[in-house]
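Structure, as structure tokens:
The values are calculated or read from the model by the stated rules, or taken from the named source; none is laboratory data. These numbers were taken from a predicted model, which means no experiment stands behind them. Don't worry about glycine lacking a Cβ; one is built from the backbone with ideal geometry, like all the others, and counts go over all protein chains shown.
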Amino acid sequence: MSETPQPADLIVFGGTGDLSMRKLFPALYHCDRDGRLSPETRIIAMSRGGLDDADFRGKVDAEVRGSVPVDDLGTWQRFLDRLHHVSVDIGGEDVTGWAKLTALLAGHEQRSRVFYLASPPMTFGPFCRELHRAGLVTPASRVVLEKPLGRDLPSAQRINDEVGAIFDERQIYRIDHYLGKETVQNLLVLRFANAFLEPIWNSLWIDHVQITVAETVGTPGRRGYYDHAGALRDMVQNHLLQLLCLVAMEPPSRNDRESIRDEKVKVLESLRAITGGEVDRFTVRGQYTAGESGGVQVPGYLDEPDSTAPTEASHRVETFAAIRAEVKNWRWAGVPFYLRTGKRMPYRHSEIVVQFKDVPHSIYPGSTPNRLVLRLQPSEGIKLHIMAKEPGAGEVALKPVPLSLSFAETFTSRVPEAYERLLMDVLTGNPTLFMRRDEVEAAWRWIDPILSEWESYGTAPEPYPAGSSGPAGAHELVSRSDRAWHEEYPA
Ligand code: BG6
């Protein structure tokens with residue numbers, strides 16, 4: 001039986017920004033609609049916006065209502081009534097915003113108080129200090145840090161120090177929304193609630209692993225952020241490495257806040273460093289040029305519409321990255337983990353492919369090795385490709401066929417968005433699916449040498465036309481060892 005939701009105050013910095021409007025408020029509405037928020041829970045958006053509560057509710061009504069199922073206006077109105085807005089002068093002289101927030105929160109010190117920093121990382125330290133100065137950080141407070149957490153190890157450490165000076169580590173929730181996705185959750189269940197996989201989940205039976213996060217979207221209007229991030233910082237350092245950790249980690253002894261994170265850190269620390277000349281051999285970076293994507297002609301990265309013109313950094317930044325990684329431990333020695341992610345790919349699909357080795361001795365011609373495909377999006381599901389005999393008399397003919405689990409067909413309940421689960425975890429104080437400081441820093445420690453080598457090249461990444469499956473170098477990365485990327489696109 002689910003517990004009665006407790007009242008909480010959720011204070012969102014960057015509360016009128018893109019993430020809030022596209023992800024956080026729709027997710028919170030779903031939580032509310034499902035009865036998971038206490039009637040007294042309040043959502044307080046902080047921004048420079050100069051809005052009052054009514055303006056802000058109007059904005060959410062106009063921008064969010066169309067993207068969520070509003071089957072009953074009463075429920076929607078109840079959600080709007082939870083919303084408040086406080087204008088804050090960030091780093092400025094005007095302290096009225098902080099005073100207003102203080103007044104709103106006064107008398108509610110016992111509640112869970114969650115400060116969600118959906119703002120640029122350089123604001124994390126200043127906001128935390130400001131909250132502390134205003135006396136708003138209670139023992140029941142938590143702080144959520146959105147990615148990117150820094151742009152390299154030193155900057156991540158600095159942010160962690162600044163936030164850590166105000167909040168205890170147990171109060172800090174570093175979010176990676178990939179960890180809230182249903183299939184990612186299911187990967188853990190598949191591995192640790194079933195007996196059949198674990199004995200073969202190692203280098204004796206697995207040839208290699210592929211992790212792909214391909215997006216059809218480009219970066220229109222994001223130049224300011226993306227030029228200085230690139231695919232490696234934006235996607236690999238966090239989302240793809242987290243997926244790698246869940247595939248490669250040892251079985252934790254418990255499903256609790258530290259056991260899973262302990263095991264993930266061990267994986268990150270076991271990643272073989274890619275440095276110096278090896279970077280060229282084991283990594284690929286690409287940037288999309290004009291092409292056809294989703295049936296329409298789209299511009300290249302440098303010509304994406306934006307309020308600012310491309311700079312030197314725009315020419316150098318990668319919108320595609322592929323890496324051949326290795327986890328140096330007994331379980332995985334010699335098994336490549338191929339990671340790739342890109343914008344303007346032919347299809348949006350995120351998946352983990354575990355490619356098994358061939359049978360030790362084949363008595364049938366034409367058999368192919370087993371493959372397990374965990375599809376994160378779209379149409380979440382799990383497919384195990386096995387060999388079966390085609391019906392018929394005469395010569396035995398084999399065919400690879402999928403044993404398939406489609407979440408949509410198997411379960412009638414709605415598949416929640418990642419942010420719904422993660423927001424509820426923060427509100428109820430469960431940090432299991434959030435990254436610990438040592439995890440984030442271990443990930444940067446592995447990424448940094450690749451970044452600095454790329455930066456030292458001073459050359460543009462390999463071009464690939466929008467709508468193609470990435471630069472030629474990415475194919476060479478796998479074909480060099482007689483492998484190929486899994487390219488089975490959703491129907
Ligand atoms: C974000 C990145 O973290 O993840 C974006 O900043 C990316 O660039 C997004 O588009 C992808 O998330 P999802 O859930 O749509 O796969």
* To do: Name the one entry in GLY277, GLY291 that is exposed (fewer than 14 other Cβ atoms within 10 Å of the Cβ) and either in the same structural domain as TYR464 (by TED's automatic domain parsing) or within 15 Å of the ligand (Cβ to nearest atom) (or both).
  => GLY277
* Asked: Do we find a residue being of a type outside the set (Phe, Trp, Tyr) and under 17 Å from the mean Cα position of the chain (by Cα) anywhere in the range 195-211?
  -> yes
* Asked: Within the set of pairs 6 or more residues apart or between chains, which connect a residue that is within 23 Å of TYR301 (Cα to Cα) inside the range 438-464 to a residue that is modelled with pLDDT under 95 and of a type in the set (Val, Ile, Thr) with Cβ atoms less than 6 Å apart?
  -> none
* When you go through PRO369, PRO360 one by one, which is the residue that is of a type outside the set (A, V, I, L, M, F, W, C), in contact with a Lys or Arg (Cβ under 7 Å, 6 or more places away or on another chain) and surrounded by fewer than 20 Cβ atoms within 10 Å (Cβ to Cβ)? -> PRO369
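If a residue must be within 12 Å of the ligand (Cβ to nearest atom) and out of contact with any strand residue (DSSP E or B) (no Cβ under 6 Å at 6 or more places or on another chain), how many such residues does the range 202-215 contain?
Result for the range 202-215: 1.
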* To do: Give the range 462-477 a look and list any residue that's over 18 Å from THR275 (Cα atoms) and in contact with a strand residue (DSSP E or B) (Cβ under 6 Å, 6 or more places away or on another chain), or say none.
  => GLU462, PRO463, TYR464, PRO465, ALA466, GLY467, GLY470, PRO471, GLY473, ALA474
* To do: Would you please list the contacts, defined by Cβ atoms under 6 Å and residues six or more apart or on different chains, that run from a residue in the range 376-390 that is farther than 15 Å from THR212 by Cα to a residue that is of a type in the set (Ser, Thr, Tyr) and assigned to a loop (DSSP other than H, G, I, E, B)?
  => MET387/SER367
* **Residue that is nearest to LEU433 (Cα to Cα) [pool: residues in the range 154-186 that are among the acidic types (Asp, Glu) and at pLDDT 95 or above]** => ASP176
* Asked: In this structure, is ASP234 within 16 Å of the ligand (Cβ to nearest atom), acidic (Asp, Glu) and within 24 Å of GLU269 (Cβ to Cβ)?
  -> yes
* Mind checking whether some residue in the range 176-197 is under 29 Å from LEU376 (Cβ atoms), acidic (Asp, Glu), surrounded by fewer than 22 Cβ atoms within 10 Å (Cβ to Cβ) and out of contact with any Phe, Trp or Tyr (no Cβ under 7 Å at 6 or more places or on another chain)? -> no
* To do: Just one of (1) hydrophobic (A, V, I, L, M, F, W, C); (2) assigned to a loop (DSSP other than H, G, I, E, B); (3) closer than 16 Å to TRP485 by Cβ trips up ALA321, so point out which.
  => (2)
